[in-house]
Amino acid sequence: MTHPIPQTMGQQFGRRSWAEPWKIKMVEPLRMISRAERDQAIAAAGYNTFLLRSDDVYIDLLTDSGTSAMSDRQWAGMMLGDEAYAGSRNFYHLEEAVREYYGYRYVVPTHQGRGAEHLISKALIKPGDTIPGNMYFTTTRLHQELAGGVFVDVIVDEAHDPANLHPFKGNVDLDKLERVIKRVGPEKIPYVSLAGTVNMAGGQPVSMANVRALRELCDRYGIRLYLDATRMVENAFFIQEREEGYADKSIAAILKEFCSYTDGAWMSAKKDHLVNIGGWLAVNHQDVFETASNLVVVYEGLHTYGGMAGRDMEALAIGITEAVQDDHIRSRIGQVRYLGELLADWDIPIVQPVGGHAIFVNAKRFYPHLPQDQFPAQTLAAELYLDSGIRAMERGIVSAGRDPETGDHRYPALELVRLTIPRRVYTQAHMDVTAEAVKAVYEAREQTRGLRMVYEPKYLRFFQARFEPIE
Ligand code: F0G
(Lines give C-alpha, C1' and ligand atoms only; values in the text may rest on other atoms or scores of the structure.)
Protein backbone atom coordinates (compact mmCIF):
# COMPACT_ATOMS: atom_id res chain seq x y z
CA MET A 1 0.00 0.00 0.00
CA THR A 2 1.27 3.44 -0.87
CA HIS A 3 -0.04 6.93 -0.26
CA PRO A 4 -0.82 9.28 -3.17
CA ILE A 5 1.98 11.65 -4.02
CA PRO A 6 1.26 15.16 -2.73
CA GLN A 7 1.45 17.66 -5.57
CA THR A 8 2.90 20.33 -3.32
CA MET A 9 4.64 20.36 0.03
CA GLY A 10 1.84 22.70 1.12
CA GLN A 11 -0.70 19.94 0.59
CA GLN A 12 1.36 17.55 2.65
CA PHE A 13 2.06 19.82 5.55
CA GLY A 14 -1.19 21.80 5.52
CA ARG A 15 -0.34 25.49 5.56
CA ARG A 16 3.10 24.88 7.07
CA SER A 17 6.03 25.50 4.73
CA TRP A 18 9.41 23.78 4.57
CA ALA A 19 11.59 26.74 5.57
CA GLU A 20 15.22 25.86 6.18
CA PRO A 21 16.07 24.80 9.75
CA TRP A 22 19.12 27.10 9.77
CA LYS A 23 20.10 30.71 9.17
CA ILE A 24 23.03 32.10 7.19
CA LYS A 25 26.25 33.07 8.96
CA MET A 26 28.70 33.50 6.08
CA VAL A 27 28.13 34.36 2.41
CA GLU A 28 30.06 33.89 -0.83
CA PRO A 29 29.53 36.55 -3.53
CA LEU A 30 28.10 35.53 -6.91
CA ARG A 31 28.40 37.36 -10.18
CA MET A 32 27.07 36.88 -13.68
CA ILE A 33 29.41 37.59 -16.59
CA SER A 34 28.01 39.30 -19.74
CA ARG A 35 26.29 37.47 -22.57
CA ALA A 36 29.31 38.09 -24.85
CA GLU A 37 31.61 36.55 -22.23
CA ARG A 38 29.27 33.58 -21.81
CA ASP A 39 29.30 33.01 -25.58
CA GLN A 40 33.07 32.86 -25.43
CA ALA A 41 33.19 30.74 -22.29
CA ILE A 42 30.85 28.00 -23.54
CA ALA A 43 32.63 27.84 -26.93
CA ALA A 44 35.99 27.56 -25.14
CA ALA A 45 34.45 24.76 -23.03
CA GLY A 46 33.44 22.81 -26.15
CA TYR A 47 29.74 23.26 -25.19
CA ASN A 48 30.34 20.97 -22.22
CA THR A 49 29.34 22.50 -18.88
CA PHE A 50 31.92 20.29 -17.10
CA LEU A 51 34.64 22.26 -18.89
CA LEU A 52 33.48 25.73 -17.78
CA ARG A 53 35.43 27.60 -15.16
CA SER A 54 33.35 27.98 -12.05
CA ASP A 55 34.17 31.72 -12.00
CA ASP A 56 32.18 32.02 -15.23
CA VAL A 57 29.08 30.43 -13.64
CA TYR A 58 26.33 32.35 -11.86
CA ILE A 59 24.13 29.69 -10.21
CA ASP A 60 25.89 26.33 -10.20
CA LEU A 61 23.46 23.42 -10.50
CA LEU A 62 25.97 21.06 -12.12
CA THR A 63 25.84 18.69 -9.19
CA ASP A 64 24.94 18.23 -5.54
CA SER A 65 28.23 16.39 -5.12
CA GLY A 66 30.74 18.03 -2.80
CA THR A 67 28.89 21.33 -3.16
CA SER A 68 27.05 21.42 0.17
CA ALA A 69 27.46 24.17 2.74
CA MET A 70 28.87 22.75 5.95
CA SER A 71 27.40 23.76 9.30
CA ASP A 72 29.20 25.72 12.01
CA ARG A 73 29.57 22.43 13.88
CA GLN A 74 31.21 20.74 10.92
CA TRP A 75 33.62 23.67 10.54
CA ALA A 76 34.39 23.44 14.25
CA GLY A 77 35.07 19.73 13.68
CA MET A 78 37.61 20.67 11.00
CA MET A 79 39.72 22.20 13.78
CA LEU A 80 39.72 18.89 15.63
CA GLY A 81 41.53 16.95 12.92
CA ASP A 82 43.86 14.32 14.30
CA GLU A 83 46.28 14.18 11.38
CA ALA A 84 48.00 10.98 12.43
CA TYR A 85 48.92 8.63 9.61
CA ALA A 86 47.44 5.69 11.49
CA GLY A 87 44.56 5.33 13.91
CA SER A 88 43.27 8.92 13.77
CA ARG A 89 40.59 9.51 16.37
CA ASN A 90 38.44 11.08 13.64
CA PHE A 91 38.31 7.73 11.85
CA TYR A 92 36.80 6.14 14.94
CA HIS A 93 34.16 8.90 15.07
CA LEU A 94 33.33 8.18 11.45
CA GLU A 95 33.19 4.44 12.05
CA GLU A 96 30.89 4.97 15.01
CA ALA A 97 28.54 7.23 13.02
CA VAL A 98 28.29 4.76 10.12
CA ARG A 99 27.63 1.91 12.53
CA GLU A 100 25.01 3.88 14.43
CA TYR A 101 22.99 5.20 11.47
CA TYR A 102 23.61 2.57 8.76
CA GLY A 103 24.10 -0.43 11.02
CA TYR A 104 26.94 -2.16 9.14
CA ARG A 105 29.71 -3.91 11.06
CA TYR A 106 32.91 -2.95 9.21
CA VAL A 107 33.85 0.44 7.73
CA VAL A 108 36.56 1.23 5.16
CA PRO A 109 37.14 4.94 4.44
CA THR A 110 37.72 6.11 0.84
CA HIS A 111 38.43 9.48 -0.76
CA GLN A 112 34.98 9.55 -2.42
CA GLY A 113 32.28 7.24 -3.77
CA ARG A 114 34.10 5.87 -6.78
CA GLY A 115 37.00 4.85 -4.53
CA ALA A 116 34.55 2.61 -2.65
CA GLU A 117 33.02 1.39 -5.95
CA HIS A 118 36.49 0.41 -7.10
CA LEU A 119 37.14 -1.61 -3.93
CA ILE A 120 33.83 -3.48 -3.88
CA SER A 121 34.03 -4.21 -7.63
CA LYS A 122 37.59 -5.48 -7.41
CA ALA A 123 36.88 -7.49 -4.27
CA LEU A 124 33.81 -9.31 -5.58
CA ILE A 125 33.59 -9.34 -9.39
CA LYS A 126 35.33 -11.95 -11.57
CA PRO A 127 35.63 -11.70 -15.37
CA GLY A 128 32.42 -12.98 -16.95
CA ASP A 129 30.22 -12.08 -13.98
CA THR A 130 26.87 -10.31 -14.28
CA ILE A 131 25.81 -7.50 -11.93
CA PRO A 132 22.08 -6.74 -12.01
CA GLY A 133 21.02 -3.34 -10.71
CA ASN A 134 18.27 -0.72 -10.64
CA MET A 135 19.54 1.43 -13.53
CA TYR A 136 23.17 2.17 -14.12
CA PHE A 137 25.19 4.97 -12.63
CA THR A 138 28.16 6.15 -14.72
CA THR A 139 31.06 5.47 -12.32
CA THR A 140 29.40 2.46 -10.67
CA ARG A 141 28.92 0.62 -13.96
CA LEU A 142 32.37 1.53 -15.23
CA HIS A 143 34.06 0.03 -12.16
CA GLN A 144 31.92 -3.09 -12.54
CA GLU A 145 32.98 -3.33 -16.21
CA LEU A 146 36.65 -2.66 -15.47
CA ALA A 147 36.55 -5.57 -12.99
CA GLY A 148 35.33 -7.80 -15.84
CA GLY A 149 31.59 -7.72 -15.13
CA VAL A 150 28.55 -6.88 -17.24
CA PHE A 151 25.87 -4.63 -15.76
CA VAL A 152 22.22 -5.57 -16.47
CA ASP A 153 19.42 -3.12 -15.75
CA VAL A 154 16.52 -4.67 -13.78
CA ILE A 155 14.68 -1.51 -12.73
CA VAL A 156 10.88 -1.35 -13.15
CA ASP A 157 9.76 -0.19 -16.62
CA GLU A 158 8.09 2.90 -15.13
CA ALA A 159 11.56 4.32 -14.39
CA HIS A 160 12.24 4.79 -18.09
CA ASP A 161 9.08 6.87 -18.59
CA PRO A 162 9.56 10.50 -17.46
CA ALA A 163 5.79 11.09 -17.09
CA ASN A 164 4.86 7.96 -15.14
CA LEU A 165 3.75 8.85 -11.60
CA HIS A 166 4.70 5.57 -9.89
CA PRO A 167 5.67 6.52 -6.29
CA PHE A 168 8.72 4.21 -6.25
CA LYS A 169 10.24 4.40 -9.71
CA GLY A 170 13.55 3.19 -8.30
CA ASN A 171 12.20 -0.29 -7.48
CA VAL A 172 13.78 -3.44 -8.80
CA ASP A 173 11.52 -5.49 -11.08
CA LEU A 174 11.85 -8.83 -9.28
CA ASP A 175 10.66 -10.84 -12.31
CA LYS A 176 13.30 -9.23 -14.50
CA LEU A 177 15.91 -10.00 -11.86
CA GLU A 178 14.83 -13.62 -11.50
CA ARG A 179 15.00 -14.07 -15.27
CA VAL A 180 18.59 -12.78 -15.24
CA ILE A 181 19.47 -15.14 -12.36
CA LYS A 182 18.01 -18.11 -14.25
CA ARG A 183 19.72 -17.12 -17.50
CA VAL A 184 23.28 -16.68 -16.18
CA GLY A 185 23.11 -18.80 -13.00
CA PRO A 186 23.37 -17.45 -9.44
CA GLU A 187 27.08 -18.38 -9.21
CA LYS A 188 27.78 -15.78 -11.92
CA ILE A 189 26.15 -12.99 -9.91
CA PRO A 190 28.54 -11.73 -7.21
CA TYR A 191 25.92 -9.30 -5.92
CA VAL A 192 22.87 -7.25 -6.81
CA SER A 193 23.71 -3.55 -7.07
CA LEU A 194 20.89 -1.53 -5.53
CA ALA A 195 20.85 2.29 -5.47
CA GLY A 196 18.57 4.41 -3.31
CA THR A 197 17.61 6.90 -4.69
CA VAL A 198 18.26 6.23 -8.39
CA ASN A 199 20.20 9.17 -9.75
CA MET A 200 19.85 8.53 -13.49
CA ALA A 201 16.10 7.89 -13.22
CA GLY A 202 15.59 11.33 -11.70
CA GLY A 203 16.39 10.75 -8.03
CA GLN A 204 13.60 8.16 -7.72
CA PRO A 205 13.18 6.10 -4.54
CA VAL A 206 13.04 2.38 -3.74
CA SER A 207 10.30 1.23 -1.36
CA MET A 208 10.87 -0.72 1.84
CA ALA A 209 8.58 -3.45 0.52
CA ASN A 210 10.77 -3.75 -2.56
CA VAL A 211 14.07 -4.07 -0.69
CA ARG A 212 12.50 -6.60 1.68
CA ALA A 213 11.27 -8.74 -1.22
CA LEU A 214 14.60 -8.31 -2.97
CA ARG A 215 16.39 -9.62 0.11
CA GLU A 216 14.18 -12.71 0.11
CA LEU A 217 14.83 -13.33 -3.57
CA CYS A 218 18.58 -12.92 -3.10
CA ASP A 219 18.52 -15.29 -0.12
CA ARG A 220 16.66 -17.89 -2.16
CA TYR A 221 19.54 -17.95 -4.65
CA GLY A 222 22.38 -17.25 -2.20
CA ILE A 223 23.23 -13.87 -3.79
CA ARG A 224 24.53 -10.89 -1.84
CA LEU A 225 22.92 -7.49 -1.95
CA TYR A 226 24.94 -4.27 -1.80
CA LEU A 227 23.57 -0.76 -1.65
CA ASP A 228 24.74 2.48 -3.22
CA ALA A 229 23.79 4.58 -0.18
CA THR A 230 24.87 7.90 -1.70
CA ARG A 231 21.37 9.43 -1.43
CA MET A 232 19.74 6.86 0.82
CA VAL A 233 18.68 9.50 3.38
CA GLU A 234 16.64 11.18 0.64
CA ASN A 235 15.19 7.77 -0.21
CA ALA A 236 14.13 7.39 3.44
CA PHE A 237 12.16 10.64 3.18
CA PHE A 238 10.06 9.23 0.33
CA ILE A 239 9.36 6.05 2.29
CA GLN A 240 8.21 8.15 5.24
CA GLU A 241 5.97 10.18 2.96
CA ARG A 242 4.54 7.47 0.71
CA GLU A 243 4.72 4.02 2.23
CA GLU A 244 2.08 2.61 4.55
CA GLY A 245 3.33 2.26 8.12
CA TYR A 246 6.26 4.68 7.91
CA ALA A 247 4.66 8.12 8.42
CA ASP A 248 5.45 8.08 12.14
CA LYS A 249 8.94 6.59 11.89
CA SER A 250 11.98 8.83 11.93
CA ILE A 251 14.25 9.19 8.90
CA ALA A 252 17.02 7.61 10.96
CA ALA A 253 14.88 4.56 11.81
CA ILE A 254 13.79 4.11 8.19
CA LEU A 255 17.38 4.40 6.96
CA LYS A 256 18.57 1.77 9.40
CA GLU A 257 15.77 -0.64 8.59
CA PHE A 258 16.43 -0.32 4.86
CA CYS A 259 20.15 -0.96 5.28
CA SER A 260 19.41 -4.00 7.46
CA TYR A 261 18.15 -5.84 4.36
CA THR A 262 21.50 -5.39 2.60
CA ASP A 263 24.97 -6.86 3.13
CA GLY A 264 26.80 -3.57 2.90
CA ALA A 265 26.97 -0.25 1.11
CA TRP A 266 29.24 2.15 -0.68
CA MET A 267 28.87 5.85 -0.13
CA SER A 268 29.75 9.09 -1.81
CA ALA A 269 29.66 11.24 1.33
CA LYS A 270 29.79 14.29 -0.96
CA LYS A 271 25.98 14.08 -1.24
CA ASP A 272 23.78 13.16 1.74
CA HIS A 273 26.58 13.70 4.26
CA LEU A 274 27.04 17.41 3.66
CA VAL A 275 30.81 17.40 3.10
CA ASN A 276 32.95 18.54 0.21
CA ILE A 277 34.95 15.32 -0.06
CA GLY A 278 34.81 11.82 1.37
CA GLY A 279 33.33 8.35 1.10
CA TRP A 280 33.23 4.91 2.64
CA LEU A 281 32.51 1.27 2.09
CA ALA A 282 30.77 -0.62 4.88
CA VAL A 283 30.04 -4.35 4.96
CA ASN A 284 28.80 -7.07 7.27
CA HIS A 285 30.91 -9.99 6.02
CA GLN A 286 34.36 -10.27 7.49
CA ASP A 287 35.91 -11.80 4.35
CA VAL A 288 34.76 -8.88 2.18
CA PHE A 289 36.03 -6.44 4.78
CA GLU A 290 39.44 -8.09 4.87
CA THR A 291 39.81 -7.95 1.09
CA ALA A 292 38.57 -4.36 0.88
CA SER A 293 40.71 -3.11 3.74
CA ASN A 294 43.71 -4.71 2.09
CA LEU A 295 42.90 -3.16 -1.31
CA VAL A 296 42.32 0.27 0.24
CA VAL A 297 45.99 0.56 1.23
CA VAL A 298 46.95 0.02 -2.43
CA TYR A 299 44.54 2.48 -4.00
CA GLU A 300 43.38 5.03 -1.43
CA GLY A 301 45.50 5.18 1.73
CA LEU A 302 45.79 3.40 5.06
CA HIS A 303 42.57 1.71 6.22
CA THR A 304 42.07 4.38 8.91
CA TYR A 305 42.04 7.34 6.51
CA GLY A 306 41.49 6.04 2.95
CA GLY A 307 42.44 9.29 1.21
CA MET A 308 40.80 11.69 3.66
CA ALA A 309 42.49 14.05 6.10
CA GLY A 310 41.56 13.60 9.76
CA ARG A 311 39.60 16.87 9.64
CA ASP A 312 37.61 15.61 6.62
CA MET A 313 36.61 12.50 8.55
CA GLU A 314 35.49 14.62 11.52
CA ALA A 315 33.31 16.89 9.35
CA LEU A 316 31.90 13.77 7.71
CA ALA A 317 31.08 12.09 11.03
CA ILE A 318 29.19 15.22 12.11
CA GLY A 319 27.51 15.48 8.69
CA ILE A 320 26.09 11.97 9.02
CA THR A 321 24.16 12.99 12.12
CA GLU A 322 22.95 16.25 10.56
CA ALA A 323 21.84 14.46 7.38
CA VAL A 324 19.35 12.19 9.13
CA GLN A 325 17.47 14.98 10.94
CA ASP A 326 13.85 15.03 9.75
CA ASP A 327 13.64 18.83 9.49
CA HIS A 328 16.81 18.98 7.40
CA ILE A 329 15.65 16.46 4.84
CA ARG A 330 12.15 17.92 4.63
CA SER A 331 13.50 21.35 3.73
CA ARG A 332 16.10 19.87 1.38
CA ILE A 333 13.48 18.06 -0.67
CA GLY A 334 11.03 20.92 -0.20
CA GLN A 335 13.39 23.23 -2.06
CA VAL A 336 13.84 20.77 -4.93
CA ARG A 337 10.06 20.44 -5.21
CA TYR A 338 9.58 24.19 -5.14
CA LEU A 339 11.63 24.49 -8.32
CA GLY A 340 9.79 21.54 -9.85
CA GLU A 341 6.40 23.10 -9.15
CA LEU A 342 7.38 26.34 -10.89
CA LEU A 343 8.48 24.49 -14.01
CA ALA A 344 5.52 22.13 -14.04
CA ASP A 345 3.13 25.09 -13.70
CA TRP A 346 4.63 26.47 -16.94
CA ASP A 347 4.22 23.11 -18.68
CA ILE A 348 7.93 22.62 -19.04
CA PRO A 349 8.50 18.87 -19.43
CA ILE A 350 10.25 17.47 -16.34
CA VAL A 351 10.56 14.01 -14.85
CA GLN A 352 7.63 13.32 -12.51
CA PRO A 353 7.29 12.73 -9.65
CA VAL A 354 10.07 15.12 -8.67
CA GLY A 355 12.88 13.17 -7.01
CA GLY A 356 15.27 13.90 -4.19
CA HIS A 357 18.24 15.89 -5.40
CA ALA A 358 17.38 17.57 -8.67
CA ILE A 359 14.89 18.56 -11.31
CA PHE A 360 15.41 16.59 -14.50
CA VAL A 361 14.19 18.37 -17.62
CA ASN A 362 13.04 16.03 -20.39
CA ALA A 363 15.13 17.19 -23.34
CA LYS A 364 13.42 14.84 -25.80
CA ARG A 365 10.15 16.68 -25.24
CA PHE A 366 11.85 20.06 -24.87
CA TYR A 367 13.52 19.74 -28.30
CA PRO A 368 11.39 17.22 -30.22
CA HIS A 369 13.00 18.39 -33.47
CA LEU A 370 16.49 17.25 -32.39
CA PRO A 371 17.40 13.59 -32.96
CA GLN A 372 19.17 11.97 -30.01
CA ASP A 373 22.53 11.85 -31.81
CA GLN A 374 22.45 15.65 -32.00
CA PHE A 375 22.58 15.62 -28.19
CA PRO A 376 19.40 17.43 -27.15
CA ALA A 377 20.26 17.40 -23.43
CA GLN A 378 23.82 18.59 -24.04
CA THR A 379 22.35 21.35 -26.22
CA LEU A 380 19.84 22.38 -23.56
CA ALA A 381 22.51 22.59 -20.85
CA ALA A 382 24.60 24.85 -23.12
CA GLU A 383 21.59 27.03 -23.98
CA LEU A 384 20.68 27.48 -20.32
CA TYR A 385 24.20 28.63 -19.56
CA LEU A 386 24.10 31.06 -22.50
CA ASP A 387 20.79 32.51 -21.35
CA SER A 388 21.60 33.06 -17.71
CA GLY A 389 24.96 31.71 -16.56
CA ILE A 390 23.22 28.78 -14.86
CA ARG A 391 25.16 25.54 -15.07
CA ALA A 392 23.33 22.20 -15.37
CA MET A 393 24.42 18.71 -16.43
CA GLU A 394 23.60 16.40 -19.34
CA ARG A 395 22.16 13.01 -18.32
CA GLY A 396 21.36 11.37 -21.62
CA ILE A 397 23.17 9.85 -24.57
CA VAL A 398 26.53 11.43 -23.75
CA SER A 399 26.46 10.13 -20.16
CA ALA A 400 25.31 6.68 -21.33
CA GLY A 401 28.52 6.23 -23.36
CA ARG A 402 29.17 3.40 -25.79
CA ASP A 403 28.40 -0.29 -25.57
CA PRO A 404 31.77 -1.97 -24.88
CA GLU A 405 30.80 -4.93 -27.14
CA THR A 406 29.58 -3.09 -30.25
CA GLY A 407 31.23 0.32 -29.81
CA ASP A 408 27.95 2.06 -30.73
CA HIS A 409 26.34 4.86 -28.74
CA ARG A 410 23.92 3.57 -26.14
CA TYR A 411 20.57 5.27 -26.75
CA PRO A 412 18.93 5.65 -23.31
CA ALA A 413 15.19 6.24 -23.14
CA LEU A 414 15.87 9.13 -20.78
CA GLU A 415 17.50 12.17 -22.38
CA LEU A 416 17.61 14.60 -19.47
CA VAL A 417 19.17 17.77 -18.16
CA ARG A 418 19.73 17.78 -14.44
CA LEU A 419 19.29 20.96 -12.41
CA THR A 420 20.94 19.65 -9.29
CA ILE A 421 20.37 21.47 -6.03
CA PRO A 422 23.36 21.70 -3.68
CA ARG A 423 22.38 21.24 -0.03
CA ARG A 424 21.98 24.37 2.13
CA VAL A 425 23.55 26.64 -0.53
CA TYR A 426 20.94 28.53 -2.56
CA THR A 427 17.78 30.39 -1.59
CA GLN A 428 14.24 30.30 -2.88
CA ALA A 429 15.01 33.42 -4.96
CA HIS A 430 17.75 31.47 -6.77
CA MET A 431 15.13 28.83 -7.57
CA ASP A 432 12.87 31.56 -9.02
CA VAL A 433 15.68 32.90 -11.20
CA THR A 434 16.48 29.37 -12.38
CA ALA A 435 12.88 28.59 -13.29
CA GLU A 436 12.59 31.85 -15.24
CA ALA A 437 15.78 31.04 -17.16
CA VAL A 438 14.52 27.58 -18.13
CA LYS A 439 11.29 29.21 -19.30
CA ALA A 440 13.19 31.68 -21.48
CA VAL A 441 15.15 28.84 -23.10
CA TYR A 442 11.90 26.92 -23.58
CA GLU A 443 10.29 29.86 -25.34
CA ALA A 444 13.22 29.99 -27.81
CA ARG A 445 13.25 26.21 -28.34
CA GLU A 446 12.13 26.10 -31.97
CA GLN A 447 15.12 28.10 -33.18
CA THR A 448 17.62 25.92 -31.30
CA ARG A 449 19.98 23.68 -33.26
CA GLY A 450 21.86 20.65 -31.99
CA LEU A 451 25.51 19.78 -31.44
CA ARG A 452 28.10 17.51 -33.00
CA MET A 453 30.74 15.73 -30.90
CA VAL A 454 34.26 16.65 -31.96
CA TYR A 455 36.31 15.05 -29.18
CA GLU A 456 35.44 11.90 -27.26
CA PRO A 457 37.58 10.48 -24.43
CA LYS A 458 37.61 6.75 -23.76
CA TYR A 459 36.19 6.64 -20.20
CA LEU A 460 33.17 8.55 -18.80
CA ARG A 461 33.08 10.72 -21.91
CA PHE A 462 30.51 13.20 -20.57
CA PHE A 463 33.13 14.74 -18.27
CA GLN A 464 35.53 15.77 -21.05
CA ALA A 465 33.85 15.44 -24.48
CA ARG A 466 33.81 18.54 -26.71
CA PHE A 467 31.11 19.68 -29.11
CA GLU A 468 30.41 22.24 -31.84
CA PRO A 469 27.09 23.73 -32.91
CA ILE A 470 25.61 22.25 -36.08
CA GLU A 471 25.30 25.09 -38.62
N1 F0G B 1 26.84 6.67 -6.88
C2 F0G B 1 25.95 7.63 -7.16
C3 F0G B 1 24.49 7.33 -7.13
C4 F0G B 1 26.41 8.91 -7.51
O5 F0G B 1 25.51 9.85 -7.79
C6 F0G B 1 27.80 9.17 -7.53
C7 F0G B 1 28.30 10.47 -7.91
C8 F0G B 1 28.68 8.13 -7.22
C9 F0G B 1 28.16 6.90 -6.89
C10 F0G B 1 30.17 8.32 -7.27
O11 F0G B 1 30.59 9.07 -6.19
O12 F0G B 1 31.46 11.19 -7.23
O13 F0G B 1 31.98 10.57 -4.86
O14 F0G B 1 33.03 9.34 -6.73
N15 F0G B 1 27.58 11.33 -8.47
C16 F0G B 1 27.96 12.69 -8.80
C17 F0G B 1 26.80 13.37 -9.47
C18 F0G B 1 29.24 12.81 -9.55
O19 F0G B 1 26.98 14.51 -9.92
O20 F0G B 1 25.71 12.81 -9.51
P21 F0G B 1 31.83 10.10 -6.26
The range 271-287 - residue that is under 15 Å from the mean Cα position of the chain (by Cα) and surrounded by fewer than 23 Cβ atoms within 10 Å (Cβ to Cβ) and, of those, farthest from His118 (Cα to Cα) | Asn276
Among the residues of the range 100-117, which ones are polar (S, T, N, Q) and more than 8 Å from the ligand (Cβ to nearest atom)?
-> Thr110
Single match in Arg141, Arg114 (criterion: surrounded by 18 or more Cβ atoms within 10 Å (Cβ to Cβ) and free of Cβ contacts under 8 Å to residues at least 12 places away in the same chain) = Arg141
Every residue from the range 413-422 that is more than 14 Å from the ligand (Cβ to nearest atom) and in contact with a Leu (Cβ under 7 Å, 6 or more places away or on another chain) = none
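Residue by residue, here is whether (1) under 19 Å from Arg410 (Cα atoms); (2) at pLDDT 95 or above; (3) of a type in the set (Gly, Ala, Ser) holds:
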| residue | (1), (2), (3) |
| --- | --- |
| Arg114 | no, yes, no |
| Met135 | yes, yes, no |
| Gln144 | yes, yes, no |
| Asp175 | no, yes, no |
| Ser193 | no, yes, yes |
| Met200 | yes, no, no |
| Tyr221 | no, yes, no |
Taking first residues from the range 218-235 that are touching a residue at least 12 places away in the same chain (Cβ under 8 Å) and assigned by TED's automatic domain parsing to the domain that holds Ile277 and second residues anywhere that are polar (S, T, N, Q) and within 16 Å of the ligand (Cβ to nearest atom), the pairs with Cβ under 6 Å that are 6 or more apart or on different chains are Leu225/Thr262; Leu227/Thr262; Thr230/Ser268; Arg231/Thr197; Glu234/Thr197; Asn235/Thr197
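Determine whether Gly310 is open to solvent by less than 10 Å² (accessible area, probe 1.4 Å), away from the ligand (no atom under 16 Å from the Cβ) and closer than 16 Å to Arg89 by Cα.
Details: open to solvent by less than 10 Å² (accessible area, probe 1.4 Å): yes; away from the ligand (no atom under 16 Å from the Cβ): yes; closer than 16 Å to Arg89 by Cα: yes.
In short, yes.
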Does the range 423-436 contain any residue that is within 15 Å of the ligand (Cβ to nearest atom) and not assigned by TED's automatic domain parsing to the domain that holds Gln204?
-> yes
Filtered residue count, the range 216-239, keeping only those that are away from the ligand (no atom under 11 Å from the Cβ), touching a strand residue (DSSP E or B) at 6+ places or on another chain (Cβ under 8 Å) and open to solvent by less than 10 Å² (accessible area, probe 1.4 Å) = 4
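Out of the helices (runs of 4 or more DSSP H) lying entirely within the range 364-471, which hold 3 or more residues that are more than 22 Å from Gln204 (Cα to Cα)? So that I can check it myself, show each step before the final result.
Values: elements: 376-388, 397-400, 428-443.
The qualifying helices (runs of 4 or more DSSP H) are 376-388, 428-443.
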Please verify whether the range 355-375 includes one or more residues that are without any contact (Cβ under 8 Å) to a residue 12 or more places away in the chain and either surrounded by fewer than 18 Cβ atoms within 10 Å (Cβ to Cβ) or within 15 Å of the chain's Cα centre (by Cα) (or both).
-> yes
Residue count for the range 45-84, restricted to those that are in a helix (DSSP H, G or I) and open to solvent by less than 70 Å² (accessible area, probe 1.4 Å) = 8
Can you spot a residue in the range 347-360 that is touching a strand residue (DSSP E or B) at 6+ places or on another chain (Cβ under 8 Å), in a helix (DSSP H, G or I) and more than 30 Å from Ile251 (Cβ to Cβ)?
-> no
Taking into account only those residues within the range 177-215 that are hydrophobic (A, V, I, L, M, F, W, C), open to solvent by less than 10 Å² (accessible area, probe 1.4 Å) and part of a strand (DSSP E or B), which is farthest from Gln240 (Cα to Cα)?
-> Val192
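The values are calculated or read from the model by the stated rules, or taken from the named source; none is laboratory data. Just so we're clear, the structure is a prediction, and the values are computed from it rather than from any experiment. Virtual Cβ from ideal backbone geometry, glycine too; neighbours counted across all protein chains shown. The accessibility values were calculated without ligands, DNA or RNA, using every heavy atom of the protein model including side chains. Shrake-Rupley method; radii C 1.70, N 1.55, O 1.52, S 1.80 Å.
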